[in-house]
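A short worksheet on the structure shown next.
The values are calculated or read from the model by the stated rules, or taken from the named source; none is laboratory data. This structure is a prediction, so every number in the text was calculated from the model and none was measured. Cβ placement follows ideal geometry from the backbone for every residue including glycine, while neighbour counts extend to all protein chains displayed. Note: areas computed on protein heavy atoms with side chains; ligands, DNA, RNA excluded. Shrake-Rupley method; radii C 1.70, N 1.55, O 1.52, S 1.80 Å.
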Amino acid sequence: MSATTRVTSSVKKDAQKAAYNPMMETLTRIGYGARGLIYITMGLLALKVAFGKGGALATPQGAIAAIGKSPAGFILLWVILVGIIAYALWGVVRAVLDPLHKGHDAKGLVARFGFLVSAFSYAILALPTYGYIRGISQSSNGAQTQKLLTSIMKMPWGRWVIGILGLVVLAGGLYQIYLGYKAGFDRQFQIYALTPKELKLATDVGRFGTAARGVVFALVGGLITLGAYRANPSQPVGIDTALATLLHQPYGVWLLGVVALGLIAFGLYSMLSALWFRLKR
């Protein structure tokens, strides 16, 4: 074995040890808990709008801002900050070290790329969350996204890039709906660690939540694609806009209510993952 091979092998072993470290598992649990709190808040805010009780539909950043205004907001913001950083780190670990054993075939590589995208989407929430802790007003994540899409669309072939991005997000959302229907979503715990009742509860909640989140993502992807097709960089594309789109459909109140309950279910599933998470060795 050459020196380079030995060094590479040693690095891989050290990386795997880091991935399975008890501290990593603890941080990942906090990450799932923070994700759960964000989705439950988004769902509750949407449910409030659906029932005509006022309030506003929210993106993840908007949900974090709302959490910060609660009586225990300052403490919760710190928990969320640690959690989203931990969850972003876990996304990188899942993508690079593959502790979930997705493999190197096409399906596995797509899944691992998705973990990287997820890591990035949560990492960008860290700065505004810290801003809320410091009491600094933050521009919405939707406004930042809109600005980025506008800049890209002005470039040569920019509309095509945005259009393809929208189709990818749309496909990802439809795939999540399929996974929810088929109970094929990725459980973040070992089955042997749960009782049959716990497993059924987690599966049912996870299926409903995954499908509901898929609906929202599919709508976001559709809005991005529509903006590219119409060459309209001002087309709103956030999660709040996707929920508002549901609300303005026939029977929109019911549609929004069901999806809001689904987002809450996904948040509860994340909380269950925080309780029952086990690294798959």
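According to the Kirkwood relation over distinct C-alpha pairs, the hydrodynamic radius of the chain is 19.9 Å. Compactness of region 85-170, taken as the C-alpha radius of gyration over 2.2 N^0.38 Å, stands at 1.34. Potential lengthening of the chain between A126 and D204 amounts to 25.0 nm, from the contour at 0.36 nm per residue minus the alpha-carbon distance. So, counting K/R as plus one and D/E as minus one, what does the shell of residues with Cβ under 14 Å around I84 add up to? Local net charge: +2. The listed peptides 102-113, 70-81, 257-268, ordered by packing as a protection proxy, come out as 257-268, 70-81, 102-113 (highest mean of other Cβ atoms within 10 Å first).
If R0 is taken as 25 Å, the Cβ-Cβ distance between L174 and T26 corresponds to a FRET efficiency of 0.15.
Counted by Cβ distance under 15 Å from L263, the other residues give a net charge of +3, where Lys and Arg count +1 and Asp and Glu count -1.
Here the Karplus curve 6.51 cos²θ - 1.76 cosθ + 1.60, taken at θ = phi - 60°, turns the phi angles of region 207-224 into couplings of 4, 4, x, 5, 5, 5, 5, x, 4, 5, 5, 4, 5, 4, x, x, 5, 5 Hz, with x standing for Gly and Pro. Counting only Cβ charges, +1 for Lys and Arg and -1 for Asp and Glu, the dipole size of region 155-258 around its Cα centre is about 140 debye.
Using R0 = 25 Å, the C-beta based FRET efficiency linking A231 and V117 works out to 0.50.
Applying 1/(1 + (r/R0)^6) with r as the Cβ-Cβ distance of R134 and A56 and R0 = 25 angstrom yields a FRET efficiency of 0.60. Can you tell me the orientation of helix 73-96 relative to the chain, as the angle in degrees between its alpha-carbon axis and the longest Cα principal axis, to the nearest 10? Relative to the chain, helix 73-96 is tipped by roughly 60 degrees.
Taking the longest Cα principal axis of the chain as reference, the axis of helix 106-123 is set at about 60 degrees.
The charge dipole of the chain, taken about its Cα centre with unit charges on the Cβ atoms of Lys, Arg (+1), Asp and Glu (-1) only, comes to about 360 debye. For the Cα atoms of the chain, what angle does the longest principal axis make with the long axis of helix 252-276, in degrees from 0 to 90, nearest 10? So the helix axis and the longest Cα principal axis differ by about 20 degrees. For the chain, the solvent-accessible area of protein heavy atoms averages 53 Å² per residue (probe radius 1.4 Å; ligands and nucleic acids excluded).
Ranking P22, L226, A119 by how far each Cα lies toward the positive end of the dipole of the chain (charges on Cβ) leaves P22 at the top.
Each residue of region 156-163 was assigned a 3J(HN,Hα) from its phi angle through the Karplus expression (A = 6.51, B = -1.76, C = 1.60, θ = phi - 60°), giving x, 6, x, 4, 5, 4, 5, x Hz with x at Gly and Pro. Compared with the rule-of-thumb size 2.2 N^0.38 Å for a compact globular protein, region 195-259 has a Cα radius of gyration ratio of 1.43.
I'd like the carbon and sulfur percentage of the solvent accessible area for the chain, probe radius 1.4 Å, heavy atoms only, ligands and nucleic acids excluded.
Exposed carbon and sulfur together represent 70 percent of the surface.
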